[in-house]
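Chemist: The following block contains the structure, expressed as structure tokens.
The values are calculated or read from the model by the stated rules, or taken from the named source; none is laboratory data. Please read these numbers as outputs of a predicted model, since none were measured by experiment. With ideal geometry, Cβ positions are generated from the backbone for all residues, glycine too; neighbour counts draw on all protein chains shown. Just so you know, the surface numbers come from the protein's heavy atoms only, side chains and all, with ligands and any DNA or RNA stripped out. Shrake-Rupley method; radii C 1.70, N 1.55, O 1.52, S 1.80 Å.
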Amino acid sequence: MQRILLLLLTVLPLIARAQEKHTVSGYIKDRSNGEALIGATVYIQSLGTGTISNEYGFYSLTLPAGTYQLSYAYLGYKTQSVALDFTKNTRLDLELEPESSQLQEVVVTGEAEQPAAQTNEMSTSKLDIRTIMKVPAFLGEVDVLRSLQLLPGVSTVGEGASGFNVRGGSVGQNLILLDEAPVYNSSHLFGFFSVFNPDAVKDTKLYKGAVPSRYGGRLASLLDVRMKEGNSKKTEVTGGIGTIFSRLVVEGPIKKDKASFIVAARRSYVDILARPFVPLLKEGGALNFYDLTLKTNYNINARNKVYLSGYFGRDNFLFDKSQGFSWGNATSSLRWNHLFNDRLFSNATLVYSKYDYKLQFGNDDKNRFNWNSSITNFIFKPDFSYFINRTNELNFGGEIIYYTFEPANAYGITNGKKVDISLPRKYNLESSLYAGNSLKLSPALSIDYGVRYSHFNYLGPGTEYFYNDTVPGIRKSVTGSKTYTSGQTIKTYDNFQPRFSFKAQLSEFTSVKGSYNRMVQYLHLISNTTASNPLDVWTPSTRNIRPELGDQYTLGYFRSAGTGQQYEFSAEAYLRYTQNQIDYIDGADLLINRFLEGDLLSGKGRAYGMEFYAQKKTGRLNGWVSYTLGRTELKVDGINKGDWYPTRYNQTHNLKIAAFYELNNRWSVSGNFIFTSGTPTTFPTSRFYQQGILIPYNANESRNNVTLPAYHRLDISFRLEGKTMRKGKERRNHDYWVFSIYNLYARKNPFSIYFSQKDDRISTDTQATQLSIIGTMVPSVSYNFKF
């Protein structure tokens, strides 16, 4: 018995030590500037397991006691290995050194250096800013949104269209976040440029499906744009002088390795250059945009860090000093990172966001028209991540959003008499709770599951209108109304949104993934045009406008191959059913209409298709090919005789090719080719001839019954790096030139086709006119610098 007892006393501590687990955690940063690296990998080869850093560069990995070799890696950086004895919880902050040459790297991956076949994510694209800088751009100015449109499942109806479309969704069904703040109009200069200054952007990630439970509010996609934090090592100045605008960025430490800042500004100057030659501009007219992006952060201690960021941008289109319109976004975010312990990470965010536009006409104070409109948000969002162990991560939190809608603060003055046609403000409160779990069940099977619960409250003061039942497609009439006082509930909605995805690892570099998610959208973009128009109307859900619901199913195959897994291939099928989709009666009055709800129709939608993607990630020649075969349709009583019809942004075929080639150490060339099917539009099927005037008529009551000709375009760009040596010494500054041609073979792509009667009023002949926004090649040159 004594021997048995002695044996137990000897073995039990060993067993306890074998079962004992410890955690290593910390932040992974760029050694050259102190920027957090999002999605950096931490991998233990002996265990075949690891983790990745989150949006703030934080990682946490819990392992059994023992000695391990940890590898820290990020594409474009030197891999760093650390031997660590897991005898206690360890804090290990690491800085990775950038590779000396990054010219052979094109980064469009699932997550960092980890092959897409090994990550849990699907329907997700991470577009690195270094890749964005290489893509040929309109007028030589790189752009985040235009680069995203080269990815599978992402499209636009053409030049001059605002925003982008994802898997058959409308522009208003994309949630665009800039450092957690929603951006309601992402376009400058009528859709030709986005509001994101590429010099201030660190990371861009697009979710087309399998959206994590911590996000909600839109049906089609989530675009998460993260700004740089500012160089915490040294002061840097970056900028560029281009054909249409210039930009300047200043960043540096406030206190080295403790606090830093970044300030980025852009301003277009077409109106300044053209003023001597254009009479309209001489008389006070303007056509310009500007934006200012700012961010600062302060590392309080090892467990607390705060960030403050802001964006302020505006477009001006003035016919003279007193006539024209302008629009713009303003956002600010205050975030606090806190580590409760080695495994519990939290981030609390306060957000302010506002989008507004102004329209004014009239040459004097006695005859004029003014219209101001806006949507304002105040948001509080706490998020928590609990790293249970190396195979189990729990995320949970909530969100509260307070909305103020001002659809129209408008009045007209005629001969000195003022008529107020303003519409009352609308107030809403949206609250959400969420939880999600990422679990690795075995080396071959991983799942992510979660749920999001949302509550939407339409608040007073306000007036609720009741409408009569009529023939679908005919304007409804008001039959009564009810007035509510301030803070009184007018209508509420509650929704549960389940999320689920899985990854089955068929081999080390081959996997099959699938997902399901339900999304709910309480805000609605009211617009019956695809052109970039700042006068779009956002309206909340009411008793007469129900929330939009979407259920998406995806299934995909992923494969990596080649040396260093430099080749990646994926094929994804998607199917989305939607409810309460909004469309409009013929002749709908959408602007400054107190009874707008009477002109709206509601129905169901479906979007389905296949996405194919092939990429070569490294080498002198690299790039990708993407092809999407898809269709998106609506079925609404009162439109198209109640049958399914394609949406205005439906594109059956969508092919994109992007290629990058390194000629030598100084010269590189890049190009992209785009081919898409034409988008649908509505043509009249017959006509009336009355008193010398031809009147078009749609006898079949059809909607989007004709498809425009196909769209295709080739762009090319050459980049010349500045000399690295001068008079035998290495230059401290870095600069380069970009020479590009947009629409190389001058394709006249149709944006729309319209009909008109010939000049002879007696003639019964009509003529079709094709409108092309850009019908010629557009050469450009830009100079970029950094010192």
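Chemist: Which one of the conditions (1) open to solvent by 40 Å² or more (accessible area, probe 1.4 Å); (2) at negative phi does residue 735 fail to meet, given that it meets all the rest?
Modeler: Among (1) open to solvent by 40 Å² or more (accessible area, probe 1.4 Å); (2) at negative phi, residue 735 violates only (1).
Chemist: If the Cβ limit is 8 Å and pairs must be 6+ apart or interchain, which residue in the range 131-143 that is free of Cβ contacts under 8 Å to residues at least 40 places away in the same chain pairs with which residue that is outside any helix (DSSP H, G or I)?
Modeler: Filtered contacts from the range 131-143: 131/106; 131/107; 131/108.
Quick grid of which residues meet (1) at pLDDT 95 or above; (2) open to solvent by less than 30 Å² (accessible area, probe 1.4 Å); (3) out of contact with any Lys or Arg (no Cβ under 7 Å at 6 or more places or on another chain); (4) among the basic types (Lys, Arg):
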site: 361; (1), (2), (3), (4): no, no, no, no
site: 364; (1), (2), (3), (4): no, no, yes, no
site: 370; (1), (2), (3), (4): no, yes, yes, no
site: 383; (1), (2), (3), (4): yes, yes, no, no
site: 395; (1), (2), (3), (4): yes, no, no, no
site: 404; (1), (2), (3), (4): yes, yes, no, no
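Chemist: Separate question: Can you name the residue in the range 294-319 that is β-branched (Val, Ile, Thr) and in contact with a Leu (Cβ under 8 Å, 6 or more places away or on another chain) and, of all such residues, is farthest from residue 58 (Cα to Cα)? It would help to see each step written out before you state the result.
Modeler: Pass one, the range 294-319, residues β-branched (Val, Ile, Thr): 296, 300, 306.
Subset that is in contact with a Leu (Cβ under 8 Å, 6 or more places away or on another chain): 296, 306.
On the way: 296: 18, 306: 14 Å.
Out of the qualifying residues, it is 296.
Chemist: Continuing with the same structure: Could you tell me which residue of the range 467-500 is surrounded by the fewest Cβ atoms within 10 Å (Cβ to Cβ), considering only residues that are of a type in the set (A, V, I, L, M, F, W, C) and over 37 Å from the mean Cα position of the chain (by Cα)? Break it down into steps so the answer makes sense when it comes.
Modeler: So in the range 467-500, the residues of a type in the set (A, V, I, L, M, F, W, C) come out as 471, 474, 478, 490, 496, 500.
Narrowing further to those that are over 37 Å from the mean Cα position of the chain (by Cα): 471, 478.
Numbers: 471: 8, 478: 13.
Only one residue tops the list, namely 471.
Chemist: Read through the list (1) touching an Asp or Glu at 6+ places or on another chain (Cβ under 7 Å); (2) buried (at least 16 other Cβ atoms within 10 Å of the Cβ); (3) not β-branched (Val, Ile, Thr), then give the number of the only condition that residue 320 fails.
Modeler: Here residue 320 meets the rest and fails (2).
Chemist: Suppose we filter 572, 568, 548 for residues that are open to solvent by less than 30 Å² (accessible area, probe 1.4 Å) and in contact with a Pro (Cβ under 7 Å, 6 or more places away or on another chain); which single one remains?
Modeler: On the way: 572 fails: in contact with a Pro (Cβ under 7 Å, 6 or more places away or on another chain); 548 fails: in contact with a Pro (Cβ under 7 Å, 6 or more places away or on another chain).
Every option except 568 fails the conditions.
Chemist: Taking the conditions exactly as written (farther than 28 Å from residue 146 by Cβ and of a type outside the set (S, T, N, Q)), does residue 728 satisfy them or not? Step through it out loud before you land on a result.
Modeler: Working: farther than 28 Å from residue 146 by Cβ: yes; of a type outside the set (S, T, N, Q): yes.
The answer is yes for residue 728.
Chemist: Please report, ordered by residue number, the strands (runs of 3 or more DSSP E) entirely within the range 212-280 with at least 1 residues that are at pLDDT below 95 and under 30 Å from residue 447 (Cα atoms). Please lay out each step first, then the result.
Modeler: Details: elements: 221-227, 236-241, 245-255, 259-268.
Hits in the range 212-280: 221-227.
Chemist: Return yes or no: is residue 62 modelled with pLDDT under 85, under 34 Å from the mean Cα position of the chain (by Cα), open to solvent by less than 20 Å² (accessible area, probe 1.4 Å) and not small (Gly, Ala, Ser)? Before you say what the answer is, go through the steps one by one.
Modeler: On the way: modelled with pLDDT under 85: no; under 34 Å from the mean Cα position of the chain (by Cα): yes; open to solvent by less than 20 Å² (accessible area, probe 1.4 Å): yes; not small (Gly, Ala, Ser): yes.
So residue 62 fails the test.
Chemist: I've got another one for you. For residue 168, state whether it is of a type in the set (Gly, Ala, Ser) and surrounded by fewer than 24 Cβ atoms within 10 Å (Cβ to Cβ). Spell out the reasoning first.
Modeler: Values: of a type in the set (Gly, Ala, Ser): yes; surrounded by fewer than 24 Cβ atoms within 10 Å (Cβ to Cβ): no.
Here the answer is no, as residue 168 does not meet what is asked.
Chemist: All but one of (1) more than 19 Å from residue 606 (Cα to Cα); (2) surrounded by fewer than 20 Cβ atoms within 10 Å (Cβ to Cβ); (3) under 22 Å from the mean Cα position of the chain (by Cα) hold for residue 516; which doesn't?
Modeler: Result: residue 516 fails condition (1) only.
Chemist: Across the range 88-118, which residue is least open to solvent (accessible area, probe 1.4 Å) among those that are modelled with pLDDT of 85 or more and assigned to a loop (DSSP other than H, G, I, E, B)? So that I can check it myself, show each step before the final result.
Modeler: Here is the first cut: in the range 88-118, the ones modelled with pLDDT of 85 or more are 88-98.
Subsequent filtering for residues that are assigned to a loop (DSSP other than H, G, I, E, B) retains 88-89, 92-93, 97.
Details: 88: 133, 89: 84, 92: 35, 93: 84, 97: 75 Å².
Result: 92.
Chemist: Of the residues 332, 353, 309, only one is open to solvent by 30 Å² or more (accessible area, probe 1.4 Å), among the hydroxyl-bearing types (Ser, Thr, Tyr) and touching a residue at least 60 places away in the same chain (Cβ under 8 Å); which?
Modeler: On the way: 353 fails: open to solvent by 30 Å² or more (accessible area, probe 1.4 Å); 309 fails: open to solvent by 30 Å² or more (accessible area, probe 1.4 Å).
After ruling out the rest, the residue left standing is 332.
Chemist: Name the residue, out of 200, 210, that is touching a residue at least 40 places away in the same chain (Cβ under 8 Å), outside the structural domain of residue 35 (by TED's automatic domain parsing), within 30 Å of residue 399 (Cα to Cα) and open to solvent by less than 10 Å² (accessible area, probe 1.4 Å).
Modeler: On the way: 210 fails: open to solvent by less than 10 Å² (accessible area, probe 1.4 Å).
Unique residue meeting the criteria: 200.
Chemist: Moving on. Any idea how many residues of the range 419-466 are part of a loop (DSSP other than H, G, I, E, B) and either open to solvent by less than 20 Å² (accessible area, probe 1.4 Å) or not basic (Lys, Arg) (or both)?
Modeler: Pass one, the range 419-466, residues part of a loop (DSSP other than H, G, I, E, B): 421-422, 424-425, 443-444, 460-461.
Within this subset, residues satisfying the condition of being either open to solvent by less than 20 Å² (accessible area, probe 1.4 Å) or not basic (Lys, Arg) (or both) are 421-422, 424, 443-444, 460-461.
Of the residues in the range 419-466, 7 are part of a loop (DSSP other than H, G, I, E, B) and either open to solvent by less than 20 Å² (accessible area, probe 1.4 Å) or not basic (Lys, Arg) (or both).
Chemist: Right, here's the next one. So which residues in the range 379-397 are under 21 Å from the mean Cα position of the chain (by Cα) and either free of Cβ contacts under 8 Å to residues at least 40 places away in the same chain or in a loop (DSSP other than H, G, I, E, B) (or both)?
Modeler: Residues of the range 379-397 that are under 21 Å from the mean Cα position of the chain (by Cα), as a first pass: 379-381, 383.
Matches in the range 379-397: 380 only.
Chemist: Mind listing just one residue for me: the one in the range 605-622 that is surrounded by fewer than 23 Cβ atoms within 10 Å (Cβ to Cβ) and either of a type in the set (Gly, Ala, Ser) or closer than 17 Å to residue 558 by Cβ (or both) and, of those, modelled with the lowest pLDDT?
Modeler: Filtering the range 605-622 for residues that are surrounded by fewer than 23 Cβ atoms within 10 Å (Cβ to Cβ) and either of a type in the set (Gly, Ala, Ser) or closer than 17 Å to residue 558 by Cβ (or both), the one modelled with the lowest pLDDT comes out as 619.
Chemist: If the requirement is being of a type outside the set (A, V, I, L, M, F, W, C) and on the phi > 0 side of the Ramachandran plot, which of these qualifies: 638, 671, 678? Working first, answer last.
Modeler: On the way: 671 fails: on the phi > 0 side of the Ramachandran plot; 678 fails: on the phi > 0 side of the Ramachandran plot.
Just one listed residue meets the conditions, 638.
Chemist: With more than 30 Å from the chain's Cα centre (by Cα) and β-branched (Val, Ile, Thr) as the only criterion, which of 414, 376, 349, 404 stands out?
Modeler: Working: 376 fails: more than 30 Å from the chain's Cα centre (by Cα); 349 fails: more than 30 Å from the chain's Cα centre (by Cα); 404 fails: more than 30 Å from the chain's Cα centre (by Cα).
Answer to the selection: 414.
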